[in-house]
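The values are calculated or read from the model by the stated rules, or taken from the named source; none is laboratory data. These figures come from a predicted structure and were not determined experimentally. Glycine gets a Cβ as well: all are built from the backbone with ideal geometry, and neighbour counts include every protein chain shown. Surface areas here come from the heavy atoms of the whole protein model, side chains and all, with no ligands, DNA or RNA. Shrake-Rupley method; radii C 1.70, N 1.55, O 1.52, S 1.80 Å.
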Protein chains: 2
Amino acid sequence: MTSNPTSTSPSSTVIRAWSRLAKVQQLAADAIEQRLKAADLPPLAWYDALLELERAGPAGLRPFELERELLLSQCNLSRLIDRLEKEDYVERQACQDDGRGQVIAITAAGRAIRRRMWGVYGPAIQSVIGAHLSSGQAAALDTALGTLISGARPA
Amino acid sequence: MTSNPTSTSPSSTVIRAWSRLAKVQQLAADAIEQRLKAADLPPLAWYDALLELERAGPAGLRPFELERELLLSQCNLSRLIDRLEKEDYVERQACQDDGRGQVIAITAAGRAIRRRMWGVYGPAIQSVIGAHLSSGQAAALDTALGTLISGARPA
DNA sequence: TCAATATGAATGCAATTGCATTTAAACACG
DNA sequence: CGTGTTTAAATGCAATTGCATTCATATTGA
């Protein structure tokens, strides 16, 4: 490498895009959390975890796999699993292949609560995001964000 | 109103856009925080507060004004100001007009640390966001997010 | 004027997060 | 084998957040 392009300053468009990105995320997440709480449902983070586990099927997932999917720190995930387990939404099973590890599997109650959460979460997404964008705009946003994710991943 | 469009479910594009939005924000914020910490600088939230106060000029801002700008809860803002004040980055002044209130003003040290933070923060934005987008893509992203903010604001 | 209410800000306490360390099992290799 | 290193997960502790309450001052209206 002959230069260090990652140390240059961003354009004002990029700065504003980032600051808007953070603000939209915050506004949307706050609104969604608020609706979940109003419906006496668990917080968003539980949904994400339960969704990943449901997608993983009966085989479940190792905590370290969930950690990567959810972008959670190891200790926070460990305690999120504690809370989910306390409500019987997930089960900790001993891992056959690796005596240090576990396998986390969603329970029927976990699937049920995730579905109930979606009943609030889905409409909330629509009202905070979807309702304000044409389908073309939504697709453009989705594409740009997809580019950013592929860029950030391997870094 | 003859119907309730905010209660319908989002399209799969909107769902994916939202989930990517949250993920990008998380990845970017984590990376930025990490760089700030590596440079022994305060967290991102301090930057946002200091920037608003610097923009407000010598007149300063009332806490409840900052609260709206920063999307922070009242009690969290109160304690953020505590921390900033402890480091002499801001000053709490009695408010002339309103005996209940205060005016928060940035200090010279506050301006200095904000500037130092920008030296890390700016390049971090570039490397996480700017470097992965053409200027056209950045403008499109910025525009779409701008639409969302104006939509979310009055709601 | 004064009682009732509303608003700006702080604070006590529980829940959550972040950080560092710890425990236990797997690997690597002499 | 056996020692040293790495990896999976848990845990103690400090810092931060969220929630509800509190305190003080403003505002309103009888």
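Between 0 and 90 degrees, rounded to the nearest ten: what's the tilt of helix B:108-128 against the longest Cα principal axis of chain B?
Computed tilt is about 20 degrees.
Taking springs between alpha-carbon atoms closer than 10 angstrom, which of B:SER78, B:SER127, B:SER135 fluctuates most in the Gaussian network model of chain B?
Highest fluctuation of the listed residues: B:SER135.
In nm to one decimal, list the spacings between the A:ASP40 label point and its equivalents in the other copies, with label points set 7 Å along Cα to Cβ, shortest first.
5.3
Roughly what angle does helix B:12-38 make with the longest principal axis of chain B, taking Cα atoms, 0 to 90 degrees, to the nearest 10?
Compared with the principal axis, the helix lies near 30 degrees.
How charged is the neighbourhood of B:ALA94? Take every other residue with its Cβ under 13 Å from the Cβ of B:ALA94, and add Lys/Arg as +1 and Asp/Glu as -1.
0
Could you work out the Rg to Rh ratio of the protein assembly as shown, with Rh taken as the Kirkwood radius (inverse of the mean 1/r over all Cα pairs)?
So for the protein assembly as shown, dividing Rg by the Kirkwood Rh gives 1.00.
Straight-line reach only, C-alpha to C-alpha below 20 angstrom: list the lysines that A:LYS23 could link to, leaving out same-chain residues fewer than 8 apart.
The reachable lysines, counting only those whose Cα sits under 20 Å from A:LYS23, are B:LYS23.
Compute the helix-to-body angle for A:44-56: its Cα long axis versus the longest principal axis of chain A, expressed 0 to 90° and rounded to tens.
Roughly 70 degrees, rounded to the nearest 10.
Using modelled backbone amide H atoms (1.01 Å from N, in-plane), which distant-in-sequence or interchain residues come within less than 5 Å of B:LEU72's amide H?
Excluding prolines and chain starts, which carry no amide H, there are no hits.
Are there any residues in the range A:17-48 with a reduction of at least 40 Å² in accessible surface when going from the isolated chain to the assembly of protein chains? Probe 1.4 Å, please list them by number.
Output list: A:ALA17, A:TRP18, A:ARG20, A:LEU21, A:LYS23, A:VAL24, A:GLN25, A:LEU27.
Å³ per residue of the Cα convex hull, for chain A?
For chain A, the hull spanned by Cα atoms encloses 163 Å³ per residue.
Where does chain B land at 222 nm, in deg cm²/dmol rounded to the nearest 500, when only DSSP H runs of n ≥ 4 count, each adding -39500 (n - 2.57), divided by all residues?
Computed ellipticity for chain B at 222 nm equals -21500 deg cm²/dmol.
Chains A and B: how much accessible area gets covered up at their contact, both sides added, probe 1.4 Å, in Å² to the nearest hundred?
Interface area, both chains combined: 5000 Å², rounded to the nearest 100.
Might you report the magnitude of the Cβ-based charge dipole of the range B:69-147 about its Cα centre, with Lys and Arg at +1 and Asp and Glu at -1, to the nearest 20 debye?
Charge dipole, the range B:69-147, about its Cα centre: 260 debye, nearest 20.
Measuring from the axis that superposes chain A on chain B, report the chain A residue with the minimal C-beta distance, rounded to whole Å.
A:GLN25, 2
Got a number for carbon plus sulfur as a percent of the range A:16-128's accessible area, 1.4 Å probe?
Working: 2760 of 6060 Å².
The computed percentage sits at 45.
Can you list the residues in the range A:130-144 whose accessible area drops by at least 50 Å² when all protein chains are present, compared with the chain alone? Use a 1.4 Å probe, heavy atoms only.
When all protein chains are present, A:HIS132, A:LEU141, A:ASP142 each give up 50 Å² or more of accessible surface.
Could you report chain B's accessible area per residue, 1.4 Å probe, as an integer in Å²?
So chain B comes to 54 Å² accessible per residue, rounded to a whole number.
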